[in-house]
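A.B. asks: Mind having a look at this structure? Questions to follow.
The values are calculated or read from the model by the stated rules, or taken from the named source; none is laboratory data. Remember, it's a predicted structure, so these values are computed and weren't measured experimentally. Cβ placement follows ideal geometry from the backbone for every residue including glycine, while neighbour counts extend to all protein chains displayed. Surface areas here come from the heavy atoms of the whole protein model, side chains and all, with no ligands, DNA or RNA. Shrake-Rupley method; radii C 1.70, N 1.55, O 1.52, S 1.80 Å.
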Amino acid sequence: MTLDALVSDGQAWFAAALPDHGIYALMAFAFIAGLARGFSGFGAALIFVPLGGAIVGPKLVSPILLVIDGIATLGMIPPAWRDANRSEVFVMAAGAALGVPAGTALLALLDPTLLRWSITIIAISLLALLVSGWRYHGAPSAPLSSGVGLIAGLFSGAAQLGGPPVVAYWLGGKTDFARVRANVVLYFSISSVFSAISYYIGGLFVPAVFALTVVVLPSYALGLYGGSKLFGLAEERTFRIACYVLIAAAAIIGMPLLDGVLR
């Protein structure tokens, strides 16, 4: 086969793997999600999964986010490794090692519409947890940390929504926001490995995942860079409120009942 034929076949495969609508919206959602992730260390899934799932479905959007986030956040891992409380992170990651495969099984087996409604309900519930200001104020312990990791891993495997339980747990103590952010970044770098293995075994890495990764990765990376810069400049409270509003809008607009809004 000639080089021209290979290129032509590659272009045909790439075009066939892309959805016939919503590409530009998906890129915009990826940018906003990256902005939230870069600033706070979490929040990308709460924005991208409900909205992106309305365009490409939950069984595509979760692996896409896993891949683009894994690639785009590589540069955040070294400083997170330096600044995080590694012992706490490793204990929580041990719980996630059990939770992620269970969540992945739900993602692979549940009906897509049922899964999207479940994601919407979980996203709104987790947002309510964050907005309420509730935090765990007890002393961190290994059994509790691993239990939080188990729950977060379940949510991560099913929809990459493991951030809020982890953040609510770590923000409750005396740890400052910078340390919490480092903990979250390091934790997700580890749990993402578990998710990647589980998604591969579950057959979720289909060609469309990688075609869409090529399309949305630049937007996500740009948002991530902007969010990281804002972390040192913007007032924390202001950005938190903005993220909460975006997450709420994403959860509502991403409901299957409102699919026409994104088409």
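A.B. asks: Name the residues in the range 95-126 that are open to solvent by 10 Å² or more (accessible area, probe 1.4 Å), in contact with a Gly (Cβ under 6 Å, 6 or more places away or on another chain) and among the small types (Gly, Ala, Ser), would you?
C.D. replies: Answer for the range 95-126, where residues must be open to solvent by 10 Å² or more (accessible area, probe 1.4 Å), in contact with a Gly (Cβ under 6 Å, 6 or more places away or on another chain) and among the small types (Gly, Ala, Ser): just Ala108.
A.B. asks: Taking only the range 32-50 into account, find how many residues are aromatic (Phe, Trp, Tyr) and at pLDDT below 85. Working first, answer last.
C.D. replies: Of all residues in the range 32-50, those aromatic (Phe, Trp, Tyr) come to 39, 42, 48.
From the residues that got through so far, the ones that are at pLDDT below 85 too are 39, 42.
Count: 2.
A.B. asks: Then there is this: Looking at the range 208-263, which of the residues that are outside any helix (DSSP H, G or I), more than 16 Å from the chain's Cα centre (by Cα) and surrounded by 13 or more Cβ atoms within 10 Å (Cβ to Cβ) is modelled with the lowest pLDDT? Talk me through it step by step, then tell me what you get.
C.D. replies: Just the residues of the range 208-263 that are outside any helix (DSSP H, G or I), to begin with: 232-235, 254-255, 263.
Imposing the further condition that a residue be more than 16 Å from the chain's Cα centre (by Cα) reduces the set to 232-235, 255, 263.
Checking which are surrounded by 13 or more Cβ atoms within 10 Å (Cβ to Cβ) leaves us with 234, 255.
Working: Ala234: 59, Met255: 71.
Once the filter is applied, the top-ranked residue is Ala234.
A.B. asks: Within the range 39-49, which residues are in a helix (DSSP H, G or I), touching a Lys or Arg at 6+ places or on another chain (Cβ under 8 Å) and open to solvent by less than 10 Å² (accessible area, probe 1.4 Å)?
C.D. replies: Restricting attention to the range 39-49, the residues satisfying the condition of being in a helix (DSSP H, G or I) are 39-40, 44-49.
Subsequent filtering for residues that are touching a Lys or Arg at 6+ places or on another chain (Cβ under 8 Å) retains 40, 44.
Ala44 - this is the single residue of the range 39-49 that is in a helix (DSSP H, G or I), touching a Lys or Arg at 6+ places or on another chain (Cβ under 8 Å) and open to solvent by less than 10 Å² (accessible area, probe 1.4 Å).
A.B. asks: A further question on this structure: Take the conditions surrounded by 24 or more Cβ atoms within 10 Å (Cβ to Cβ) and either touching a helix residue (DSSP H, G or I) at 6+ places or on another chain (Cβ under 8 Å) or modelled with pLDDT under 85 (or both) and apply them to Phe29. Does it pass? Walk me through how you get there before you give the answer.
C.D. replies: Values: surrounded by 24 or more Cβ atoms within 10 Å (Cβ to Cβ): yes; either touching a helix residue (DSSP H, G or I) at 6+ places or on another chain (Cβ under 8 Å) or modelled with pLDDT under 85 (or both): yes.
When the stated conditions are applied, Phe29 passes them.
A.B. asks: Then there is this: Tell me which residues, restricted to the range 75-94, are surrounded by fewer than 16 Cβ atoms within 10 Å (Cβ to Cβ) and modelled with pLDDT under 90.
C.D. replies: Within the range 75-94, just Gly75 meets the criteria.
A.B. asks: While we're on this one: Note down all Cβ pairs under 8 Å where the first residue falls in the range 15-29 and is under 13 Å from Gly57 (Cα atoms), the second is of a type in the set (A, V, I, L, M, F, W, C) and at pLDDT below 70, and they're at least six residues apart or on different chains.
C.D. replies: Going by the 8 Å Cβ cut-off, the qualifying pairs are Gly22/Leu262.
A.B. asks: Across the range 175-207, what is the number of residues that are over 23 Å from Leu110 (Cβ atoms), outside any loop (DSSP other than H, G, I, E, B) and open to solvent by 60 Å² or more (accessible area, probe 1.4 Å)?
C.D. replies: The number of residues fulfilling the criteria is 2.
A.B. asks: Could you say which residue among Leu60, Leu106, Leu65 is touching a Pro at 6+ places or on another chain (Cβ under 9 Å), aliphatic (A, V, I, L, M) and assigned to a helix (DSSP H, G or I)? Please lay out each step first, then the result.
C.D. replies: Details: Leu106 fails: touching a Pro at 6+ places or on another chain (Cβ under 9 Å); Leu65 fails: touching a Pro at 6+ places or on another chain (Cβ under 9 Å).
Step by step, each of Leu60, Leu106, Leu65 is checked, and only Leu60 is touching a Pro at 6+ places or on another chain (Cβ under 9 Å), aliphatic (A, V, I, L, M) and assigned to a helix (DSSP H, G or I).
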